[in-house]
């Protein structure tokens, strides 16, 4: 029997206990699954989330893997005591939620829905939007979430460009990479979707210089990381009309402070980090599959590259 320590926070335990036990049973894995800290020397796997129960991983010498419940690992990957393999969450339900958020808000901006939904002056504005094929979209970040969102938007007819830090060849998608490719990817884009991890290279990727490259009045959607956008530069671009609207789901400080100018700016929509949530049932299946693989000597899924930071 193996020992699995649920160190993702006692507040999450009631939601995860039953689906984890069910997934372990379905996989035929006999496990001592617990949320109270056992003897670290007995722990085979740690299920983790930032803000959970562990800061120092040193005592868990037997642990075969730390299985993160979040897609993002920036709050744990730099922990110097973490020498065990670290896996991030790639959850089909999380991906579906992200696709729905991105597609929904892309269509909202594409169709100009806000001017009809909020129309206190009862203005009869019969302006028609272009069709999707006439609205270029750029997705920054071509991991699992970025590719899924790009494919969904392509299926609606939007012309897509994708950008990543390193070169990627993706069938049917115009891809760019590196600093030289960033300007080509952003120039003329009318909707920009940010789905990059937070690293030293991606922080403030949208700044005073790069915010001038998209089409005038472009919409920005950021369900990725708050640190990807330089806040002051975005506000200045909105005030100047260079950017038409920003729909933001993630922020440098969360919850977003009540006095932050994003709340009151007419060109900003704030959503409270709800674009993609890890769902206990589907996430439990992902976690248990990695435990099964670890037990039979197969490569772990979604293993984090420490050098790249994700």
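In the set (1) under 18 Å from the mean Cα position of the chain (by Cα); (2) surrounded by fewer than 19 Cβ atoms within 10 Å (Cβ to Cβ); (3) over 19 Å from residue 6 (Cα atoms), the condition left unmet by residue 282 is number (3).
Can you tell me which residues in the stretch 157-205 are under 20 Å from residue 231 (Cβ atoms) and surrounded by fewer than 22 Cβ atoms within 10 Å (Cβ to Cβ)? Within the stretch 157-205, 182, 198, 199, 200, 201, 202, 203, 204 meet the criteria. Go through the stretch 60-79 and give me each residue that's surrounded by fewer than 21 Cβ atoms within 10 Å (Cβ to Cβ) and closer than 14 Å to residue 308 by Cβ. Across the stretch 60-79, the qualifying residues are 72, 74, 77, 78.
Among residues of the stretch 131-158 being in a loop (DSSP other than H, G, I, E, B) and at pLDDT 95 or above, the one that is farthest from residue 309 (Cα to Cα) is 131.
So which of 212, 219, 144, 132 ends up being surrounded by 17 or more Cβ atoms within 10 Å (Cβ to Cβ) and more than 28 Å from residue 70 (Cβ to Cβ)?
The conditions single out 132.
Considering only residues that are in contact with a helix residue (DSSP H, G or I) (Cβ under 6 Å, 6 or more places away or on another chain) and buried (at least 22 other Cβ atoms within 10 Å of the Cβ), which ones fall in the stretch 88-105? Hits for the stretch 88-105 are 91, 98, 102.
The values are calculated or read from the model by the stated rules, or taken from the named source; none is laboratory data. Here the structure is a predicted model, which is why all the values come from computation and not from measurement. For neighbour counting, all protein chains shown are included, and Cβ atoms are generated from backbone atoms with ideal geometry for every residue, glycine included.
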